[in-house]
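The values are calculated or read from the model by the stated rules, or taken from the named source; none is laboratory data. Computed from a predicted model, the values in this text were never measured in an experiment. Glycine also receives a Cβ, built like all others from the backbone with ideal geometry; neighbour counts cover every protein chain displayed. Protein only, heavy atoms only, side chains kept; ligands, DNA and RNA dropped before computing areas. Shrake-Rupley method; radii C 1.70, N 1.55, O 1.52, S 1.80 Å.
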Amino acid sequence: FKIKGSCGLICKFKDLNDISNYMDSPSSFCTIATISCIDELVGHLLSLYIHHPGTPVLVMCDTGTMTRTKEYLPFLNNVEYVCDLDRYSGLNRKQMELRGIFKELVMKKTDALTMCLDKYNDVLFLDSDILVTGKIEVDKTKNVGLSPHLIKKEYTDQYGYYNAGMLW
């Protein structure tokens, strides 16, 4: 039978026991955030803490975000902070687009993924505004996991078919 996940991937399995042979939680998580989304990041980290306790999380952020997150969540000892986003601190998307640096910020996601892959077997990148509501499992027989935009074709034509907010 087949299972179609929320990320649009279809996996084929012989039976229910076969699923457990392929599905497992990610070895690590990563995200990027600046001070303008500190509230979302705190929620994101707390949701990972609840559903994936102890799993390593890399947060690429600006200095202010690291400082405040450590103040708000001092009990999180599985989070590594990499302060590489000070250039984008306090700017919204429109301001970054006007300065020609928004795409550069988006590409920082790949830097965070690479840093995790240097240390762990696999990594799931989630945008910092995503709240995890249950245990996440991925099909580790696949090389990549992507999430399609669930929007009208006219918008996917403009922004792309896949959402860069979830990459495995």
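Taking a Cβ cut-off of under 11 Å around VAL82, the surrounding Lys, Arg, Asp and Glu residues balance to a net charge of -3, with basic ones at +1 and acidic ones at -1. For SER36 and GLN158, the FRET efficiency from 1/(1 + (r/R0)^6), where r spans their Cβ atoms and R0 equals 41 Å, is about 0.95. Here is how the number arises for the chain: DSSP H runs of 4 or more residues each give -39500 (n - 2.57), the sum is divided by the residue count, and the result at 222 nm is -10500 deg cm²/dmol. When peptides 32-40, 79-87, 154-162 are sorted by average Cβ neighbour count within 10 Å, with the highest value leading, the order is 32-40, 79-87, 154-162. Other residues whose C-beta falls under 13 angstrom from the C-beta of PRO56 contribute a net charge of -2, scoring Lys and Arg +1 and Asp and Glu -1.
So, for the chain, what is the accessible surface per residue at a probe of 1.4 Å, expressed in square angstrom?
Working: 9950 Å² over 168 residues.
Solvent-accessible surface per residue comes out at 59 Å².
Taking the alpha carbon gyration tensor of the stretch 101-148, multiplying each eigenvalue by 5 and rooting it gives semi-axes of 20, 16, 11 Å, largest first. Between 0 and 90 degrees, the angle of helix 102-117 with respect to the longest Cα principal axis of the chain falls at about 60 degrees. Taken over the stretch 71-127, the alpha-carbon convex hull comes to 109 cubic angstrom per residue.
Relative to the longest principal axis of the Cα atoms of the chain, helix 63-72 runs at roughly 70 degrees. The peptide list 133-142, 92-101, put in order of mean Cβ contacts within 10 Å with the highest first, becomes 133-142, 92-101. Among PRO26, PRO148, PRO56, the largest mean-square fluctuation in a Gaussian network model of the chain, built with springs joining Cα atoms closer than 10 Å, belongs to PRO148. By accessible area, using a 1.4 Å probe on protein heavy atoms only, the chain has 52% of its surface on carbon and sulfur.
What does the charge count near MET166 come to, summing +1 for each Lys or Arg and -1 for each Asp or Glu among other residues with Cβ under 12 Å from its Cβ? Before the final figure, lay out each step's value.
Values: positive: LYS109; negative: ASP127, ASP129.
With Lys, Arg at +1 and Asp, Glu at -1, the neighbours total -1.
Compute the Cα gyration tensor for the stretch 23-66, then decide on rounded, prolate or oblate, letting a ≥ b ≥ c be the square roots of its eigenvalues: rounded whenever a/c is under 1.5, prolate when a/b is larger than b/c in the other cases, and oblate in all that remain. Since a/c reaches 1.5 and a/b is larger than b/c, the shape of the stretch 23-66 is classed as prolate.
Taking the C-alpha atoms only, the angle from helix 38-51 to the longest principal axis of the chain is near 30 degrees.
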